[in-house]
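Heads up, the thing below is written out as structure tokens.
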Amino acid sequence: MSKEISQAVVKRLPVYYRYLEELLDRGVERISSGDLSSLMNITASQIRQDLNNYGGFGQQGYGYNVLYLHDEIGKILGLDRAHNIIVIGVGNIGRAISNYSKFEDLGFHMTGLFDIKKELIGQSLHGIKIRDISDLPEFSKKSRIDIAALTLPKDAAESIVKMLVAIGVKAIWNFSLTELQVPSDVVVENVHLSDSLMRLSYKRTNN
């Protein structure tokens, strides 16, 4: 898509998708921007502006077809195709990611687990054997890697990122609490759990 979409809009797309999925589960076939606004606590005009970035999807006097809008946003998010994920760092966060069954429902398939701790190598989690990180290049030759979840400590992350770039991984989900230096064709989503907790603390303090 040639049009530049703001990151604020991109961050709201998964929220739309989640609410639409809940509406489908309740058997709702169509919804107005006003009713969707009430559910999501986002103004109706903001919803229309967001969706107009991708074509609008609504009809005057009808609103939105819930199934159609859900599927179209899914396509925008890339959920109409499968994504293979590996986890590097099978500590608490890595195990939590591996244990979250919703990822599989969305088309994110866990295909590999890697760690640098020798005592973990050879163990299995949900039928997937934990491999030594040195096996990653050979693994990548046999299995497509779409996304790498990086949950190692930051002092180990930089060298692992170089390995990921070298084997052609283009998307990194980064839990390592450090800003990664990657080429322009590699996308990184940084997850800082403490930032979220501090924002919650701010809201509570300043409410």
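The values are calculated or read from the model by the stated rules, or taken from the named source; none is laboratory data. Remember, it's a predicted structure, so these values are computed and weren't measured experimentally. Every residue, glycine among them, receives a Cβ derived from its backbone with ideal geometry; neighbour counts consider all protein chains shown. For accessibility, only protein heavy atoms count, side chains too; no ligands or nucleic acids. Shrake-Rupley method; radii C 1.70, N 1.55, O 1.52, S 1.80 Å.
Note on the range 1-149: with charges restricted to the Cβ of Lys and Arg (+1) and Asp and Glu (-1), its dipole about the Cα centre is near 300 debye.
Got a sec? Which residues in the range 70-101 would a label at GLN123 touch, if it sits 7 Å along Cα→Cβ and we count backbone N under 13 Å? Residues 89-96 qualify, since their backbone N sits under 13 Å from the label point.
When all alpha carbon pairs of the range 49-127 are counted in 5 Å bins from zero, the resulting P(r) reads 3, 12, 19, 16, 10, 10, 9, 8, 6, 4, 2, 1, 0 %. For the range 73-162, the list of GluC sites (Glu not before Pro) that fall in a loop by DSSP and count at most 14 other C-beta atoms within 10 angstrom reads GLU119. Relative to the compact-globule estimate of 2.2 N^0.38 Å, the Cα radius of gyration of the chain comes out at 1.19.
Here the accessible area is traced with a 1.4 Å probe on the protein chains. For the range 94-201, carbon and sulfur cover 54 percent of it.
Of the residues LEU113, SER98, GLN123, the one whose Cα sits farthest toward the positive end of the charge dipole of the range 58-207, with +1 on the Cβ of Lys and Arg and -1 on the Cβ of Asp and Glu, is GLN123. Seen from a random direction on average, the alpha-carbon convex hull of the range 152-207 projects onto 4.5 square nanometres.
Rolling a 1.4 Å probe over the heavy atoms of the protein chains gives the range 82-207 an accessible area of 60 Å² per residue. Taking ASP25, ASP50 and ordering them by how much accessible surface each has at a 1.4 Å probe, largest first, produces ASP25, ASP50.
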